[in-house]
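Participant: Can you keep this structure in mind? I'll have questions shortly.
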Amino acid sequence: MTPRPSVSTPRAIGASLLPLLLGLCAAMILELSIPQGSYVEKILFDIGVNVILAVSLNIVNGLTGQFSIGHAGFMALGAYGSIVVTYYGGYAIFGDVLKHTTLSGYSLYFVSLIAGGLVAAAAGWVVGLPSLRLRGDYLAIVTLGFGEIIRVVLQATPPVLYPSEMAAVPGWERVLHLGGALGFSHGQSYNSLGWTYAAVVVMLLVAYRLRESTHGRAFLSVRENEIAAEAIGVNTTRYKVAAFVIAAFFAGIAGGLFAHQLGAGTASRPEEFNFMKSFEAVIMVVLGGMGSITGATVAAIALTLLTEILRSVQDYRLVAYSLLLIVVMILRPKGLFGTREIWDFFRKKDQP
Amino acid sequence: MRNLFLSALVATFACAGCKHGPKAPSNVIVVGEYGSLTGSEATFGQSTHNGLSMAVAEINGAGGIKGKKVQLVNYDDQGKTSEVGTAVTRLIAEDNALAVIGEVASSLSIAGGQICQQQGVPMISPSSTNPKVTETGDYIFRVCFIDPFQGYVMARFATNPKDKGGLGLKRVAILVDQRQAYSQGLAQYFAEALKKLGGQVVATESYQGGDQDFSAQLTRIRDVKPEAIYLPGYYTDVANIAKQARGLGLTAPLLGGDGWESVQEIGGAAVQGAYFSNHYSADEKRPEVQHFVDRYTKQFGKSPDSMAALGYDAMMLLKNAIERAHEGPLPAWRTSVRDALAQTKDFQGVTGKISMDKDRNATKPAVVLEIVDKHTVTAATIPPQ
C-alpha cells in the first residue's frame, strides 16, 4: 500500500463529484446502448451485482481484516426489504402491484433499494455490536450462523398475498408474507442496467473515497495490528461495526438489484442466499486480493464471465472453475492484485 | 511473469467474451432446455435430460418434425435463480429457441417462466407441480399434475376404506421440509384435502432438508400416536427419516409424494410397505409405457423414473403442438405453437392421457405406488378430480 496522506473531507467531496457524474453518464450509456432482453445485458447485470457484492465485502474482509462469511444474509435482507417496498408498498400507494413506468414508479424503486440497504445495514449493526468483540474464526462462525438464520426464517414465511387477498390482511402484517421457500416471485421488476451500474459507480466511489479518508485509515490500522491501533487511540470496535454497517448497506443494495431480475418479474428465494453465495463473495475478495478495490472488481467480473464461458463444458463446469481458482491461488497467493490497485502496476516501480 | 500472467488472463476473457453461440441453420427446430445438471437436485435434472434427449433422438430418427430436425440446446443452471435467468435469456436471444423446456424445481420454473412469458416464448415445465408456475402467464404450460391434486390423491388413498382400495385411516401426522417450497405446498394441500375427507392432522413437525437427526420431531409424532405419517419431502431425507422412525418404534405406515422416487434404493427395510403418489408406474401394461421403459433401460442401463418420463412427454407434447402449429418467422411461430399447446386434448403420453385445462395445467390421473423390496407396485390409480 502506498503511504499517501489521507484527504480532508471537503476536498474529498469535490474529488468525488466529477467521477460520480462521469460514472453515472457511463451507466446511462450502457442503459441505452445494450438491447433489452439480450444475453449481453443479463451478463452485464450479473457482473454489476457481483461487483457490488465483492467490493462491499472487501470493506469488511479486505480493509478491516475481519473475516465475514455471512454476506449473503445481508443480501437476502436487502432483496426482501426492497421487494416488500415495490410490491406491498406499491399496492399501498398505487392500489395495485403492476409496474408503474412513471416518475413515481421509479422513485418507488429508488426508495426500495435504499430501504433494502437500510434494513441490511440495521442488521449489520445488530450483528456487529456483540459479535465484533470476537475475533478470527469465532467471528466467522457468528456471521455464518447469522446468514443461515436469515435464510431459515425467510423460508418459514407465509405465501405472498395476491392483490385480491390484501384486504383481508391488515396493513403491516402484509409485509410478513414473503413466500416461504418458493420465494417472492410475482413482484414487478423496475430494474435495468442503468440502475445497476449507477449503484456500481456509487459503490466503487464510496469504497475508494472511504479508504483514502481518515476513517479508512482507521480500518486499515485495525487490519494491520489491532493492539497498536487501540494504543494510538482508534476505537477498534466502533470501526469494526462501522465497516460492517457500510458493507451490509451495499450488500442490501446488491440484494435489491438482484431480487428485481431484469425485465421479467422479481425472483428472490431464500435458498439463493445460502452460505454458498457468501462464499462466492469471499472467493471474489480473496482472489482479487484482500483490500484491493480494483482487485475485487476485476475478480467479480472475471468469475462471473468464467461461469458463463465454462457453460460450454457442461457438467465439468464446476470442476474447471475450482481448478482455475486453485491454479490462481498457487501462482498468486496474495490474490490477483495483492493489496494494490490496478493503476499501481502501471506506475514506476519505486517500491516492492 | 506477473504482467504476462495478467495479460494472458485479460486476453482469455476478452476472446471468450466476444465469441457468439452457434447460430442454428434454418432447417432445424431449436428447443431449449434449462435444468439442474449440477447442484442439489441434479439427479432430477439429469433424468429429465435423459428423457428429453431420448425423445429428440426418436423424433429425429423418424425424420424430424415436418421434415426439420430437432436440435436440443441445454444449459445447466446449478439450481440457482440467477443462472436460470442467464440460461433462459441465452436460449431465447442467442440460440433462437422456438420453445423452452423448463425446470423440475417450481421456484426455478417460475424464474425462467417470467422471462419466457415476457419474450413470448412457449415454455413447458416437465415436472414443476406448484400451482404458481403456470400462473406466471399464458405461455407457460406443464405436463405433470399439480400439488393440490397430488395432496388430494394421497388424502383420498389414506382415507378410503380398505374394501375400496384405500388404507382406511383418519389420524395422520405430517413432517414437512421447510427448505423446499414443494414440501411446504404439498403438506398444506394434503392437510386441506384430508380434513375435507373426514381425516385429521394430529401433528405437524418440520425439518430443514439435509438435516441428519430427526429424533426430536419423530418423538413428538410418536407421542400423538398417528395412524400414518405423511412425509412430503425428497427421497434422501425421507430415507433417513424412515430409518430413524423405525428405530424409535414408530410402525405407522409412511406416505409421500413424487419426491420419493427411488427412495427404496437407499431406504431399505425401513420404507417397505410405504406408499407414495407418482406420475406413472413403470410396471403399467400400456404399450406407450412398455415401449418407453424398454428403450430407456437399453440406452441408460436403469429403469426410467417419472422425471425421465415427464421429460419425454414434454418433448413429445411439444412435437405434437409444433406439428399442429403454423410455421413461420420466429415470433409468430412461437405464438402459434403456444396456441397449439393450449388446445392439446387427449394426448397419449407415457404418464397418461394429457389434456390442457384453461390454466395450462395437464389434467391426468395419478398413481399410488407401494414399495415392495427394491420395486414399486401400483396400489391405486386416482382419476383427475
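Taken together, the values in this text are just the output of simple stated rules run on the coordinates, not laboratory data. These numbers were taken from a predicted model, which means no experiment stands behind them. Cβ sites come from the backbone with ideal geometry, for glycine too, and all protein chains shown count toward neighbours.
Participant: Using alpha carbons only, how many degrees (0 to 90, rounded to 10) separate the axis of helix A:193-212 from the longest principal axis of chain A?
Facilitator: Value to nearest ten degrees: 30.
Participant: To one decimal place, what Kirkwood hydrodynamic radius in Å is obtained for region B:148-278 from all pairs of distinct Cα atoms?
Facilitator: 14.2
Participant: Now for a different question. Name the lysines eligible as straight-distance cross-link partners of residue B:170: C-alpha to C-alpha under 22 Å, and not fewer than 8 places from it in the same chain.
Facilitator: B:162, B:195, B:196, B:225
Participant: Moving on to the next point. Counting helices only, and only those DSSP H runs with n ≥ 4, report the 222 nm mean residue ellipticity of chain A as the sum of -39,500 (n - 2.57) divided by its residues, in deg cm²/dmol to the nearest 500.
Facilitator: Value at 222 nm, helices only, nearest 500: -21000 deg cm²/dmol.
Participant: Straight-line reach from residue B:66: which lysines have Cα under 30 Å away, leaving out those fewer than 8 places along the same chain?
Facilitator: Within the straight-line cut-off, residue B:66 pairs with B:23, B:298, B:319, B:345, B:353, B:358, B:364.
Participant: Specify which residue in the list B:100, B:320, B:60 is farthest towards the positive end of the charge dipole of chain B, using unit charges on the beta carbon of Lys, Arg (+1) and Asp, Glu (-1), about the Cα centre.
Facilitator: Farthest along the dipole direction, towards plus: B:320.
Participant: With charges only on Cβ, +1 for K and R and -1 for D and E, what is the dipole size of region A:9-274 about its Cα centre, in debye, rounded to 20?
Facilitator: The calculated dipole for region A:9-274 is roughly 540 debye.
Participant: So what's the angle, to the nearest 10 degrees on a 0 to 90 scale, between helix A:103-131 and the longest Cα principal axis of chain A?
Facilitator: Approximately 50 degrees, to the nearest 10.
Participant: Let me ask another. For chain A, which span is the longest to avoid every loop-located (per DSSP) member of trypsin sites (Lys or Arg not before Pro) having at most 10 other Cβ atoms inside 10 Å?
Facilitator: Result for the longest clean stretch: A:1-347.
Participant: What ³J(HN,Hα) values, in whole Hz, does the Karplus curve 6.51 cos²θ - 1.76 cosθ + 1.60 give for region A:75-88 when θ = phi - 60°, with x put for Gly and Pro?
Facilitator: Each residue of region A:75-88 in turn: 4, 4, 4, x, 4, 5, x, 6, 5, 4, 5, 6, 8, 6 Hz.
Participant: By the gyration tensor of its Cα atoms, with a ≥ b ≥ c the square roots of the eigenvalues, what is the shape of chain B: rounded for a/c under 1.5, prolate for a/b over b/c, or oblate?
Facilitator: Prolate is the answer for chain B, as a/c is 1.5 or above and a/b outweighs b/c.
Participant: Once each part is reduced to its C-alpha centroid, what is the distance from region A:50-128 to region A:267-328 in angstrom?
Facilitator: That distance is 22 Å.
Participant: What is the Cα coordinate range of region B:127-217 on the first, second and third principal axes, sorted by size from largest, in whole angstrom?
Facilitator: 42, 37, 18
Participant: So, one more: Which far-off residues, 5 or more places away or on another chain, put their amide H under 5 Å from the one on residue B:227, with H placed in the peptide plane?
Facilitator: Under 5 Å from the amide H of residue B:227 lie the amide H atoms of B:171, B:172, B:173, each far enough along the sequence or on another chain.
Participant: Then there is this: Specify whether the C-alpha gyration tensor of region A:9-274 places it in the rounded, prolate or oblate class, a ≥ b ≥ c being the square roots of the eigenvalues: rounded for a/c under 1.5, otherwise prolate if a/b is larger than b/c and oblate if not.
Facilitator: Since a/c reaches 1.5 but b/c is at least a/b, the shape of region A:9-274 is classed as oblate.
Participant: Next question, about the same structure. List the residues whose amide H sits under 5 Å from the amide H of residue B:104, counting only those 5 or more places along or on another chain, with H placed 1.01 Å from N in the peptide plane.
Facilitator: Hits under the 5 Å cutoff: B:36.
Participant: Which percent of Cα-Cα pairs in region A:219-336 sits in each 10 Å bin, short to long?
Facilitator: 11, 31, 34, 18, 6, 1
Participant: Whose amide H sits under 5 Å from the amide H of residue B:366, counting only residues 5 or more places off or on another chain, with H placed in the peptide plane?
Facilitator: B:382
Participant: For the protein assembly as shown, what does the alpha-carbon gyration tensor say about shape, rounded, prolate or oblate, given a ≥ b ≥ c as the root eigenvalues, a/c under 1.5 as rounded, and a/b over b/c as prolate?
Facilitator: Judged from the Cα gyration tensor, the protein assembly as shown comes out prolate (a/c at least 1.5, a/b above b/c).
Participant: Would you mind working out the magnitude of the charge dipole of the protein assembly as shown relative to its Cα centre, with +1 at each Lys and Arg C-beta and -1 at each Asp and Glu C-beta, to the nearest 20 Debye?
Facilitator: Here the protein assembly as shown has a charge dipole of around 980 debye.
Participant: Longest segment of chain B with no trypsin sites (Lys or Arg not before Pro) in a DSSP loop having at most 11 other Cβ atoms within 10 Å?
Facilitator: My reading of the result: B:67-284 is the longest stretch.
Participant: In whole angstrom, note down how far apart the Cα centers of region B:341-381 and region B:217-289 are.
Facilitator: So the separation of the two Cα centres works out to 20 Å.
Participant: Also: Mind checking the angle between helix B:2-18 and chain B's longest principal axis? C-alpha axes, 0 to 90 degrees, to the nearest 10.
Facilitator: Value to nearest ten degrees: 90.
Participant: Please give the calculated 222 nm ellipticity per residue for chain B, where each DSSP H segment of at least 4 residues contributes -39500 (n - 2.57) and the sum is spread over every residue; nearest 500 deg cm²/dmol?
Facilitator: Here the helix-only value at 222 nm equals -14000 deg cm²/dmol.
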